[in-house]
Amino acid sequence: MAGKFISFEGPDGAGKTSVLQQIEHDLEAELGANQVLYTREPGGNPISEQIRQLLFNPANTEMDGRTEALLFAAARRQHIVSEIVPALKADKVILCDRYVDSSIAYQGAGRQLGEEAVWQMNQFAIDGLLPQLTIYLDIESALGLRRIAEHRADQVNRLDKEQLSFHRTVRQAYLRLYHQYPERIKLIDASQPLAKVIADVRQTIHARYPDLFAEESKR
Ligand SMILES: Nc1ncnc2c1ncn2[C@@H]1O[C@H](COP(=O)(O)OP(=O)(O)OP(=O)(O)O)[C@@H](O)[C@H]1O
Ligand SMILES: [Mg+2]
């Protein structure tokens, strides 16, 4: 499979979706719209979007942690089969808003199911498919939560309502993953102004795939 698989990770409010909008726009201008796939987890296809509704419904306060982790993995599996593998075969650049690292950080660490247990459970879902590059947007937890509160107060979902300590635990797990997989995961300081974060992301993608954003590097 010839495509490029890039995932974007980081705590809530880090700026993944904001950064991805610009990166998607720029890559589509560079490569053509049909060579770029922006997609998000959980979701990206009708079956996974239905699982997403279950996961983020504020009424589902009774949801067990393992149920949550299994649903994320199920949505991921369908997303891989329906979206990612076909795009890889079609030689596209795949920009994926969250992937398996989110499960390790949120369910493994945040929900205390165990990072290793959630990793093992997800192997069945991903069947060996990891991104070639993971952009980790690192942000201090209070700042991430403040951004969400300031800009998206109307959109706060069930998982956003967790305690600050939960978000700190999630960030620590991300940092452990970053140290564990230095070849795959690249850290970017997401507390910087959005334009600088985007510039750093472009540079990181260019370093991994020198043919992408090649014009910019000559400037
Ligand atoms: N670098 C930045 N500086 C200031 N504000 C930012 C920055 N990046 C994003 N924001 C703002 O913070 C809010 C959260 O950003 P965004 O939705 O992109 O985060 P996210 O990582 O996708 O969060 P989630 O995990 O909850 O989807 C948005 O209102 C966005 O405008
Ligand atoms: Mg987002």
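The values are calculated or read from the model by the stated rules, or taken from the named source; none is laboratory data. Values in this document were obtained by computation on a predicted structure and should not be read as measured data. FYI the Cβ positions are ideal-geometry reconstructions off the backbone, even for glycines, and counts take in every protein chain you see. In case anyone asks, the SASA skips ligands and DNA or RNA and just uses the protein heavy atoms, side chains included. Shrake-Rupley method; radii C 1.70, N 1.55, O 1.52, S 1.80 Å.
Below is a table of values for the structure above.
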item: Relative contact order (%) - the stretch 1-71, alpha-carbon pairs under 8 angstrom, separation at least six; result: 13 percent
item: Count of lysine pairs in the chain with Cα separation under 28 Å (8 or more residues apart, or interchain); result: 20
item: Selection from Gly114, Thr134, Gln53, by position along the positive dipole direction of the stretch 40-153 (Cβ); result: Gln53
item: The chain: relative contact order in percent, alpha carbon pairs under 8 Å with at least 6 residues between; result: 30 percent
item: Rg/Rh ratio calculated on Cα atoms of the chain (Kirkwood radius); result: 0.94
item: Heavy-atom surface of the stretch 4-214, accessible at 1.4 Å and reported per residue (Å²); result: 47 Å²
item: Fraction of accessible area attributable to carbon and sulfur, the chain (%, probe 1.4 Å); result: 51 percent
item: Ranked order, Tyr38, Tyr174 - accessible area, probe 1.4 Å, largest first; result: Tyr38, Tyr174
item: Cα→Cβ-extended label distance, 7 Å offset, between Glu49 and Asp64, nm; result: 3.0 nm
item: Computed magnitude of the charge dipole of the chain (debye, nearest 20; Cβ of K, R +1, Cβ of D, E -1); result: 160 debye
item: Degrees separating the helix 194-208 axis from the principal Cα axis of the chain, which is the longest one; result: 70 degrees
item: Area accessible to solvent at Met1, 1.4 Å probe radius, in Å²; result: 140 Å²
item: Between helix 65-79 and the chain: long-axis angle, C-alpha atoms, 0 to 90°, nearest 10; result: 30 degrees
